[in-house]
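The values are calculated or read from the model by the stated rules, or taken from the named source; none is laboratory data. As the structure is a prediction and not an experimental result, all values here were calculated from the model. As a convention, Cβ positions derive from the backbone with ideal geometry for all residues, glycine included, and neighbour counts pool all protein chains shown. For the accessible areas, the whole protein counts, side chains as well, though only heavy atoms, and no ligand, DNA or RNA atoms are used. Shrake-Rupley method; radii C 1.70, N 1.55, O 1.52, S 1.80 Å.
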Amino acid sequence: MNESSTKQLFADFVVPCYGRYDVVLTRGEGVRVWDDAGHQYLDFGAGIAVSTLGHAHPKMMQALSGQASALIHTSNLYYTEPQGSLAKRLVELVGSPGKVFFSNSGAEANEALFKVARKYGNDCRSTPPEIGTKVEILTFESSFHGRTMAGISATGQEKVKIGFAPLLSGFRHLPFNDLAAVEKAVSGQTVGILLEAFQGESGIYPASREFLIGLRRLCDEHQILLMFDEIQCGLGRVGNWCGWKAIAPEVMPDAVSWAKGIGGGFPLGATWLRAKPMQKSDGSQTQLCDLLQPGSHGTTYGGTPLACAVSLAVLQTIEDDHLVERAAKLGRFATGQIKKFEG
């Protein structure tokens, strides 16, 4: 099949919601990809922050082949060792007790954040009748939290919302890195604050250390949830397993979402919930990580043995090859070179 026939297939049968480059890719190896004419390219995009180990990495191929020959998929009505082991690994990377829900993408990982925040607001917050249920999540301008209806409602960019009204209520966007604005915005309806420690879709904008520390203080004072979207900046990309720890290592969130690089190119999303004690409205005790009980949330494909085995191989390779440290070193080098061009 030649280039023109491939493009014609897309023109005839694929929904045109992407602005594609005029290239038909056929294979990849390491940091390079090839098109159908044999031209070679350096892949700086990495599948939009996904291909953590590059293309056709032998450790990933080994994990895919080995697990595929054993068990590819089974319902989450059963236990599988790869899912339990990956959950344990992610909890260890966060460095605080908690539990993990697995999904298929970043949008789904964030949906779990939205739902657990709503569940917390409904089940664990006693509020006066005149205030009503606490459901509002504060997010930030220039943020990006996915393409679902809740995701675009949470995103602080108007371009993703055009044509999809009415949006999901319960989200308010504030200026990024403006703690005073957040202090003013927190109300009796606020149930959580969601942010990326490094905004990545609208540019590269890191949160300040003072901002993250201040948000943690505000959440503690008002008994609301601090949630980090680590889908782009997490799992080593900014020189730390946890993106926020590269800025404020003393801050511990209540929930974290991951996707993209977690599977090195294999679809996977994950949401960590803190083992944070809380009292339900009926007076019983529980923990945040146990709020989502059977029937309250789920997924068909999230956390399959195949996806989790691949992710474990990716995370182990990152550790074995010291790629987090390398990212930090190259980040410092790139920053230093860029600063040479500043006024």
query = Does I247 satisfy the condition of being in the same structural domain as D123 (by TED's automatic domain parsing), of a type in the set (V, I, T) and crowded, with 19+ Cβ neighbours inside 10 Å?
reply = yes
inquiry  = Six or more apart or on different chains, Cβ atoms under 6 Å: show the pairs whose first residue is in region 217-234 and assigned by TED's automatic domain parsing to the domain that holds A154 and whose second is surrounded by fewer than 23 Cβ atoms within 10 Å (Cβ to Cβ) and among the charged types (D, E, K, R).
reply    = L226/R216
ask   = Hey, does region 55-62 have a residue that's in contact with an Asp or Glu (Cβ under 6 Å, 6 or more places away or on another chain) and modelled with pLDDT under 95?
value = no
ask   = Across region 4-60, what is the number of residues that are among the β-branched types (V, I, T) and touching a His at 6+ places or on another chain (Cβ under 6 Å)?
value = 0
inquiry  = Looking at region 155-169 only, could you name the residues that are under 11 Å from S143 (Cα atoms) and exposed (fewer than 14 other Cβ atoms within 10 Å of the Cβ)?
reply    = E158
ask   = Within region 223-240, which residues are under 20 Å from A117 (Cβ atoms) and of a type outside the set (D, E, K, R)?
value = Q223, I224, L225, L226, M227, F228, I231, G234
task = Select, from R89, R27, the only residue that is within 18 Å of the chain's Cα centre (by Cα) and over 26 Å from R147 (Cβ atoms).
result = R89
task = Would you point out which residue out of S69, S96 is more than 15 Å from A307 (Cβ to Cβ), modelled with pLDDT of 95 or more, among the polar types (S, T, N, Q) and open to solvent by 40 Å² or more (accessible area, probe 1.4 Å)?
result = S69
Number of the condition not met by Y205 [criteria: (1) touching a residue at least 12 places away in the same chain (Cβ under 8 Å); (2) farther than 27 Å from E158 by Cα] = (2)
